Every structure is written in C-alpha cells, then in structure tokens.
Amino acid sequence: MLKIDVAAQSYESDPVEYKDGAAFNLRPFPASKGSFDFNVTDNTLRLSGAEQCKLFKHCLTGWSGVIGHDGTPLECSDKVKQTIFDFRFKVDSFNDMVVFVLNWNQQGVAKEAAAKENLLKNSLSSPDGSAIDPGESAPAAPAK
C-alpha cells in the first residue's frame, strides 16, 4: 500500500532566521510553477536567471529586521525583491540574501529527492535482507 501524507505539506510561509537580526518568511516553490531540472547525483537545481528570480520572489513572502538606506523598515514588495535580485551584488554584500533564499528552497527539494532515493534503495533488497544493485537480480530465497 502506498501511503502519502498530503496533510503534512503546506504552501504557507514559515519564519527563518537569517543574520544580523533579520528574519525571512519563506515558503516552498511548487514544482508545478517552474521549469527546472533536478540532478539527483549532485543535489543541484539548474535554473535560468528568470527562473531564479521567479523562485526568489515567490519564496520570500516577508521579512523583519531589514532596513533601507535611510534606516527605516524596507517594504517586502515585488518591486523591492526584483531590485534586490537584479542588483544583488551591489545592494547585498556578497549576494548572500538571494543565495540564502534559493538554497533554502533547494535544500527542501534535495531532502525530498534524497528521501525518495533512500526509500528506493531500501526497497531493493534480497529475500535474505542484503542490499542488491538495481541492475542485478536478487538471489533466490533460502530453502525452507
């Protein structure tokens, strides 16, 4: 029987601590909204700049502790997020904010893929419990 826990999945944002007293509200990027390739071997996503921007703007739904040049709280609007993404090397030291958000989402995808890969590996065992290579046949069950 296949058990799927859809109730545990959420499109809602969760607060995530960043640095220097800042925190972001981040939500997962649904696979149905993008066109990207996931490489299970090295746990990487391959995204164009436009896809990265779309993912950044979608995942980052709010923040606290982020201020503008004048010391007042900076609004987390699409326009501000677009500007941060486009000029990230000028407005954000070392591009950290954009990389943080993209990596946060990628880690979630990588964890899911790794869990699925482990599940597959664990399901590929011989009758005596020893692991088998997916390209080989399982040894025969011991005689009773």
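Packing-wise, with mean Cβ within 10 Å as the measure, how do 14-25, 67-78, 52-63, 96-107 rank, highest first? Don't jump to the answer; show the numbers that get you there.
Working: 14-25: 13.2, 67-78: 9.8, 52-63: 19.3, 96-107: 17.7.
Those peptides, ordered most packed to least, come out 52-63, 96-107, 14-25, 67-78.
From Cα pairs below 8 angstrom and at least 6 apart in sequence, can you work out the relative contact order of segment 1-102, rounded to a whole percent?
Values: 103 pairs, mean separation 22.8, N = 102.
Taking the mean separation of contacting Cα pairs over the length of segment 1-102, I get 22 percent.
For Ser35 and Ala7, the FRET efficiency from 1/(1 + (r/R0)^6), where r spans their Cβ atoms and R0 equals 30 Å, is about 0.60.
Note that segment 62-67 has calculated 3J(HN,Hα) couplings of x, 7, 9, x, 10, 10 Hz, one per residue in order, obtained from phi through the Karplus relation 6.51 cos²θ - 1.76 cosθ + 1.60 (θ = phi - 60°); glycine and proline are x. Between amide H atoms placed 1.01 Å from N, distances below 5 Å from Gly62 occur with Asn25, all of them 5 or more places distant or on a separate chain.
Under a model in which nothing but the beta-carbon of Lys, Arg (+1) and Asp, Glu (-1) is charged, segment 1-47 shows a dipole of about 160 debye around its Cα centre.
Take the Cβ-Cβ distance between Asp78 and Arg46 as r, set R0 to 22 Å, and report the resulting FRET efficiency rounded to the nearest 0.05. Each step should come with its number before you reach the end.
Details: r = 24 Å, r/R0 = 1.11.
The pair Asp78/Arg46 has a calculated efficiency of 0.35.
Quick note: the coordinates plus some simple rules give every number you see, no bench work behind them. Only a predicted model underlies this, so the values are computations on that prediction, with no experimental measurement involved. We place every Cβ from the backbone using ideal geometry, glycine too, and count neighbours over all the protein chains shown.
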